[in-house]
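Student: Following this message is one structure expressed as C-alpha cells.
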Amino acid sequence: MHDPGFRNLAVVPHPQSGAEMSRYFLPLRSPEELLKRSELIETACREGGTLVVLAKVVGSDALFGLLRTAKKVDEALGTHYYARVVAFYDYCYQQDLSFALAQTDVKGDRTLRPSEQEDPDLYLRIVEERPDGIVVRGAKVHTSNTTHANEMIVLPTRAMGKDDKAYAVAFAIPLATKGLKLITQRAHLSQRRMAICRRVSALVCRVPSAHGYLLQIAVPRSAGRRRAAGG
C-alpha cells in the first residue's frame, strides 16, 4: 500500500467518505472490482515469493461476510449486530490492520454436535455474558501468520441449532488479549526460509462489546439443514 509503484492498484477511496484505504477493504460491487482485487492478491503473492497475504485476504473476506450476515440477522430478528460490525470494519480499514482468522474448530467426535461433545472446549463457546461483553472458552484452528497479525476474527465453523447457541458466536480480539494462547508450529517455505505459523488458538478471554463482540445467532437444526441444502 505504501510502495508508489503499486499505489494505483493497492489504494482506493472509501465508497462513502472518500478517504484512502487499502483495496483489500473495498466491498466488491462489480466484476471489475473483483478482478482488481484478484490482481492485487496475485501481485502481492508474486512480490512475496508466492507467500499468500492471508493476513489481509482472509481477514477482509471475513469482514465482508460478517457485514452481509449481520445485516440479514438484524432484519430477521430485530437485533443490532450490524452496527457493531460496521464500527469494527471502520476501525480496521482506518488503521489498515492485518488479521488472523480462526474458523475451524478442533471438533473432537465429529459425529456429535458442539453441545454433545464430552469435552465442551473442543468447540469454542460463550461461558459468561456480562454487561460489557462476553467471556469465551475453547480451541480454534487458525490461519497461517497469526503471530504477525493485529486482530483475530473468530467465526463458527458450522450451522448451529438451538442447543448450540453458546457456540454460535462471532467476534474479534487483538492478538495481545489476555487469555489467548497460540499453540504454533514453525515451518519454512522455499529457499527464503520464511517462518509460517499455523496451529491452534486456545482461548479463555473476555471480548468487550465496545471492541469485537460482533454476532450471535443459532437457528433450529431443520432450518439450518434447509439453508445448507439450498446453497
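Student: Mind listing just one residue for me: the one in segment 81-106 that is of a type outside the set (Val, Ile, Thr) and without any contact (Cβ under 8 Å) to a residue 40 or more places away in the chain and, of those, nearest to THR147 (Cα to Cα)? Full working, then the answer.
Tutor: So the first thing to find is which residues in segment 81-106 are of a type outside the set (Val, Ile, Thr), and the list is 81-84, 87-103, 105.
Next, from what is left, pick out any that are without any contact (Cβ under 8 Å) to a residue 40 or more places away in the chain: 82-83, 87, 90-91.
Numbers: TYR82: 28, ALA83: 28, ALA87: 24, ASP90: 23, TYR91: 20 Å.
Restricting to residues being of a type outside the set (Val, Ile, Thr) and without any contact (Cβ under 8 Å) to a residue 40 or more places away in the chain, the top hit is TYR91.
Per-residue answers, yes or no, for (1) part of a helix (DSSP H, G or I); (2) within 12 Å of the chain's Cα centre (by Cα):
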residue	(1), (2)
LEU67	yes, yes
LYS72	yes, no
VAL85	yes, yes
TYR91	yes, no
GLY108	no, no
LEU112	no, no
SER144	no, no
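Student: Additional query: Restricting attention to segment 1-51, which residues are farther than 15 Å from CYS92 by Cβ and in contact (Cβ under 8 Å) with a residue 60 or more places away in the chain?
Tutor: GLY49, THR50, LEU51
Student: Another one. Name the single residue, out of those in segment 49-91 being more than 19 Å from VAL169 (Cβ to Cβ) and in contact with a helix residue (DSSP H, G or I) (Cβ under 7 Å, 6 or more places away or on another chain), that is surrounded by the fewest Cβ atoms within 10 Å (Cβ to Cβ).
Tutor: Among residues in segment 49-91 that are more than 19 Å from VAL169 (Cβ to Cβ) and in contact with a helix residue (DSSP H, G or I) (Cβ under 7 Å, 6 or more places away or on another chain), the one surrounded by the fewest Cβ atoms within 10 Å (Cβ to Cβ) is VAL52.
Student: Continuing with this model, one more query. Given the criteria more than 21 Å from TYR89 (Cβ to Cβ) and either at pLDDT 85 or above or in contact with a helix residue (DSSP H, G or I) (Cβ under 7 Å, 6 or more places away or on another chain) (or both), does ARG125 qualify? Before you say what the answer is, go through the steps one by one.
Tutor: Values: more than 21 Å from TYR89 (Cβ to Cβ): yes; either at pLDDT 85 or above or in contact with a helix residue (DSSP H, G or I) (Cβ under 7 Å, 6 or more places away or on another chain) (or both): yes.
Considered against the rule, which asks whether it is more than 21 Å from TYR89 (Cβ to Cβ) and either at pLDDT 85 or above or in contact with a helix residue (DSSP H, G or I) (Cβ under 7 Å, 6 or more places away or on another chain) (or both), ARG125 comes out as yes.
The values are calculated or read from the model by the stated rules, or taken from the named source; none is laboratory data. None of the values given here were measured: they were computed from a predicted structure. In this analysis, Cβ positions are derived from the backbone assuming ideal geometry, glycine residues included, and neighbour counts consider all displayed protein chains.
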